[in-house]
1. Among the listed residues 251, 210, which satisfies the condition of being surrounded by 12 or more Cβ atoms within 10 Å (Cβ to Cβ), touching a Lys or Arg at 6+ places or on another chain (Cβ under 8 Å) and modelled with pLDDT under 95?
2. Please go through region 159-192 and give me each residue that is in contact (Cβ under 8 Å) with a residue 12 or more places away in the chain and of a type in the set (A, V, I, L, M), ordered by number.
3. So which residues in region 87-124 are touching a strand residue (DSSP E or B) at 6+ places or on another chain (Cβ under 9 Å), in a helix (DSSP H, G or I) and open to solvent by 60 Å² or more (accessible area, probe 1.4 Å), if there are any at all?
4. Could you go through region 223-237 and let me know if any residue there is touching an Asp or Glu at 6+ places or on another chain (Cβ under 9 Å) and either surrounded by 18 or more Cβ atoms within 10 Å (Cβ to Cβ) or modelled with pLDDT under 85 (or both).
5. I'd like the full set of residues that are basic (Lys, Arg) and surrounded by 11 or more Cβ atoms within 10 Å (Cβ to Cβ), limited to region 1-41.
6. Can you name the condition, by its number, that residue 162 falls short on among (1) in a helix (DSSP H, G or I); (2) open to solvent by 50 Å² or more (accessible area, probe 1.4 Å)?
7. Name the residue that is farthest from residue 33 (Cα to Cα), counting only residues in region 137-159 that are aliphatic (A, V, I, L, M), over 10 Å from the mean Cα position of the chain (by Cα) and open to solvent by less than 20 Å² (accessible area, probe 1.4 Å).
8. If residue 127 meets every condition in (1) buried (at least 17 other Cβ atoms within 10 Å of the Cβ); (2) of a type outside the set (Phe, Trp, Tyr); (3) part of a loop (DSSP other than H, G, I, E, B) apart from one, which number is that one?
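The values are calculated or read from the model by the stated rules, or taken from the named source; none is laboratory data. Because the structure is a prediction, the values reported are computed rather than measured. Neighbour counts are summed over all protein chains in view; Cβ atoms, including those assigned to glycine, are modelled from backbone coordinates with ideal geometry. Side chains included, ligands, DNA and RNA excluded: accessible areas come from the protein's heavy atoms. Shrake-Rupley method; radii C 1.70, N 1.55, O 1.52, S 1.80 Å.
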Amino acid sequence: MGCFREFCCGLIRVVRWIPVVFVSSVIVWASYAYLYELCFVHLFIERSAPVKAGLYAVFFVILMFLFVTSYARTIFTPVGMPPRKFYFTRECLDEIKAATDETAVQMIINRFVHLQGIPVRNRNYDGGFRYCNKCHCVKPDRAHHCSVCGHCVLKFDHHCPWVNTCVNFYNYKFFILFLGYGFVLCCFGMATNLETVINFFDMSPTKTLASIQLGILFLLSAVFSISLAALFFYHLYLIARNRTTFESFRAPLLENGREDKHFFNLGIRRNYREIFGPSLLHWFLPTYSSLGEGCVYPERSQREVFPVSWSSNSVVSRRSTEAVVLNSKVELASAETLNGHVV
């Protein structure tokens, strides 16, 4: 029984790579059809236009390199998991297993969170801390358990079958670049291949295998450009609002039990810097430049008062400072009230 289960799990893991193999095969064939059939055979040999063929080939190779690199980094960047301190200790886990109801569990988790100094703002619907029964950990803000990957994922956006991994905190920038460069590449291919397609539908010339391939390339570019554009511009909208795909359907819950879909919204400029980094040069390169560590995020309520802080320790100290200031104000108000009564 155990061997059969392992065989089925292995088979499922292999099947999950089919979409990636399909996309990779389309990339290889499209590169051959464009560079050889269009640029070399059609433009360079038949039309005697070496400059045009060279320019088309150079721009295509650059866009294809950026597209493939972004795609590969989306796939092979390790999925972000919660740090070690978010996982329950053996003693805490034994207490949770021995607890008789959810109230007792929440008391144990509450003690664990405060002892470990874990900075979390998101809550469950009942107001308790979010935790994962399968991973045995407290969920960091914006993290969720992925049933396909089998563990909790930092800043979980969605599990994408076309990259066979979760779109999460560490590969989100690469995913956006993959969509963007794919869309631009498809538009470039359609624009430069349009003349050949027009000739393809002309009844006078003889249809050849090359012209048929270029016609198919144009149709595939049109289809993929539509789907890529829809995803690309939708995620640009999500970045502008600082939301994940998951949060667009289920807004984060806070300590007071209210939903706030704008809780992490810092403004368009800072939202984009959070994903692509502070340097504009790095925005368009498939290199990691996102800000933060995936567990703590600046809040909308603090965007004008406090600078962006990306360290969990700094956020804890900041909230402690806020508490001290609040207590001071309360003590001052009490003293003023007392003096008023004395007078």
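1. Values: 210 fails: touching a Lys or Arg at 6+ places or on another chain (Cβ under 8 Å).
None of the others qualify; the one that does is 251.
2. Residues of region 159-192 that are in contact (Cβ under 8 Å) with a residue 12 or more places away in the chain, as a first pass: 159-190, 192.
Of everything in region 159-192, those that are in contact (Cβ under 8 Å) with a residue 12 or more places away in the chain and of a type in the set (A, V, I, L, M) turn out to be 163, 167, 176, 177, 179, 184, 185, 190.
3. 110, 116
4. From region 223-237, those touching an Asp or Glu at 6+ places or on another chain (Cβ under 9 Å) are 235; that's our starting set.
Then keep just the ones that are either surrounded by 18 or more Cβ atoms within 10 Å (Cβ to Cβ) or modelled with pLDDT under 85 (or both); that gives 235.
Yes, the conditions are met somewhere in region 223-237.
5. Selection gives 16 alone.
6. The single condition residue 162 does not satisfy is (1).
7. Step one: filter region 137-159 for residues aliphatic (A, V, I, L, M), giving 138, 143, 148, 153-154.
Within this subset, residues satisfying the condition of being over 10 Å from the mean Cα position of the chain (by Cα) are 138, 143, 148, 153.
Still in the running and open to solvent by less than 20 Å² (accessible area, probe 1.4 Å): 138, 143, 153.
Values: 138: 51, 143: 42, 153: 39 Å.
Looking at the filtered set, the residue picked out is 138.
8. Single failed check for residue 127: (1).
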